[in-house]
Amino acid sequence: MSDFSEELIRPTTEDEQGEPCVRSGSGMCFPWLQKHIESIASGGKQEKDFAQTTSACLNFIQEALLKHQWQRAAEYMHSYLQVLEDTDSNKRQGAPEIVWRLGSEILYYHPKSSVETFNTFADRMKNIGITNYLKISLQHALYLLHHGLLEDANRILTQAETWRYGEKSSSQEVLVNLIQAYKGLLQYYSWYKKKMELSKLDKDDYAYNTASQNMLNHSWKTSINLCTLIQIPGVWDPFVKSYIEMLEFYGDQDGAREVLNNYAYDEKFPSNPNAHVYLYNFLKREKAPREKLISVLKILYQIVPSHKLMLEFHRLLRKSDKEEHHKLGLEVLFGILDFAGCTKNITAWKYLAKYLKQTLMGSHLAWVQEEWNSRKSWWPSFHFSYFWAKSNWKDDKTLACEKALVAGLLLGKGCKYFRYISKQDHQVLKKKMKQMKKSVKKYSIVNSGL
């Protein structure tokens, strides 16, 4: 197996001066790629079984990629490229996409790679894997966007937008729509910059009218590119957000509402928490009735019970006049704290401590027992162990006090967590400790009086 790493970075020798070579601006040389391109272009086939070699190389490459050994992966890629000439037509047909995926990953991270290197490889692979032209073009454009080369990315997308090969398939149509949508995002970016410039101008200034007209022209082009894509079932968050911002800017509230409702509730679209977040934030900006906001967040709660908006959902439920909403408000708080990522959320514990006490004072013991029955087998060790009592008191004494009140109300004054916190001597929290002990004694669900 030849040393690919040396061939990758070495300068061209005198003997190779006349040899065609795919070269990048960084000095990386790809004579082997040119040879394979010529071989495929001329229809040359090798009557040789490459199965063992290519399979072994693929395994080595995958292992190197997993270990982030980019140079080692590049060395094995030199031998793996023979898969482009495999005598098995099925393998040969799928080879360009595999080579592109592996090669682009290596070049993205290789320390001696550059934008020019990546551009060269992408352009060559588009011509080899003709059926993958659109997919490679899109990924090429995203690579350029990542490097802040917006004009180059737009050029790649524009070329791909008009490209056709054979009869237009459904997969090609989706890719074309996606390419147009990314063009729309670039146009949105230009529109957004003009919007920022416009906000700094005086409305009576002549420059304001000119800038406003330019914005309108950009928004029209962007709308066409974005609107087509977001009607296709899928998850299109950045495109939807951009489109909605433009619709709202031009006062098309009805259009924005229709788009967001379809994105959130159309059964053809996959379940997407963000769709409900966008709709909620839009309705909130519109100052929609509380009932409407609750109905949107109720669906989000069913999808992601630990979402950061759930605390806001609890506040809305607490302000409602309906008893069923008050009951749901308790359920939501317990639901948030079921998740490990929320165990130190002091706001959630404050809300639960206060609401738990209010619920018990309001003679709704059954609500609390309903939530607690499914948790009493695992919450004590998950939240209220001696270890957590010591750790919480050391890190955040306010959090520890809130949790201690909840622990005492649910498990009684014999709970390890409650006992440890209640025995601590802290002058500032002395009054809070006294109130906590009093509340637990009076309202704990383990008391026979309840």
Only one residue in Leu365, Leu330, Leu356, Leu352 is of a type in the set (A, V, I, L, M), more than 18 Å from Met436 (Cβ to Cβ) and crowded, with 20+ Cβ neighbours inside 10 Å. Which one?
Leu330
If we ask which residues in the stretch 368-389 are assigned to a helix (DSSP H, G or I) and open to solvent by 30 Å² or more (accessible area, probe 1.4 Å), their number turns out to be 9
Got a sec? Which of Ser104, Ser113 is closer than 19 Å to Ala74 by Cα, open to solvent by less than 30 Å² (accessible area, probe 1.4 Å), outside any helix (DSSP H, G or I) and hydroxyl-bearing (Ser, Thr, Tyr)?
Ser113
List pairs: first residue in the stretch 186-207 and within 15 Å of Tyr250 (Cβ to Cβ) and open to solvent by 40 Å² or more (accessible area, probe 1.4 Å), second residue modelled with pLDDT under 80 and among the hydrophobic types (A, V, I, L, M, F, W, C) anywhere in the structure, Cβ distance under 8 angstrom, at least six positions apart or on different chains.
Lys194/Ala211; Lys194/Met215; Lys195/Met215
Has the stretch 156-166 got at least one residue that is open to solvent by 10 Å² or more (accessible area, probe 1.4 Å), under 30 Å from Val240 (Cβ atoms) and at pLDDT 90 or above?
yes
Quick check on this structure: which one of Ile299, Ile346 is touching an Asp or Glu at 6+ places or on another chain (Cβ under 9 Å) and on the phi < 0 side of the Ramachandran plot?
Ile346
How many of the residues making up the stretch 308-349 are over 23 Å from Asn392 (Cα atoms) and of a type in the set (Gly, Ala, Ser)?
2
Among the residues of the stretch 270-281 satisfying the criterion of being of a type in the set (S, T, N, Q) and not in a helix (DSSP H, G or I), which is surrounded by the most Cβ atoms within 10 Å (Cβ to Cβ)?
Asn272
Hits in the stretch 282-295 (condition: open to solvent by less than 70 Å² (accessible area, probe 1.4 Å) and outside any loop (DSSP other than H, G, I, E, B)):
Phe282, Leu283, Leu293, Ile294, Ser295
For the stretch 296-317, the count of residues that are open to solvent by 50 Å² or more (accessible area, probe 1.4 Å) and not in a loop (DSSP other than H, G, I, E, B) equals 5
When you check Ile130 against the structure, is it open to solvent by less than 40 Å² (accessible area, probe 1.4 Å), within 24 Å of Ile98 (Cβ to Cβ) and either touching a Pro at 6+ places or on another chain (Cβ under 9 Å) or at pLDDT 85 or above (or both), yes or no?
no
Quick one: is Ala95 at pLDDT below 90 and either in contact with a strand residue (DSSP E or B) (Cβ under 9 Å, 6 or more places away or on another chain) or open to solvent by less than 40 Å² (accessible area, probe 1.4 Å) (or both)?
yes
Pairs under 9 Å by beta carbon, first residue within 14 Å of Ile336 (Cα to Cα) in the stretch 291-316, partner in a loop (DSSP other than H, G, I, E, B) and among the hydroxyl-bearing types (Ser, Thr, Tyr), six or more apart or different chains?
Ile303/Ser271
In the stretch 228-269, which residue that is within 22 Å of the chain's Cα centre (by Cα) and basic (Lys, Arg) is most open to solvent (accessible area, probe 1.4 Å)?
Lys268
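The values are calculated or read from the model by the stated rules, or taken from the named source; none is laboratory data. None of the values given here were measured: they were computed from a predicted structure. Quick reminder, even Gly has a Cβ in these numbers, built from the backbone with ideal geometry, and neighbours come from all protein chains shown. Remember, those area values only see protein heavy atoms, side chains included, never the ligands or the DNA or RNA. Shrake-Rupley method; radii C 1.70, N 1.55, O 1.52, S 1.80 Å.
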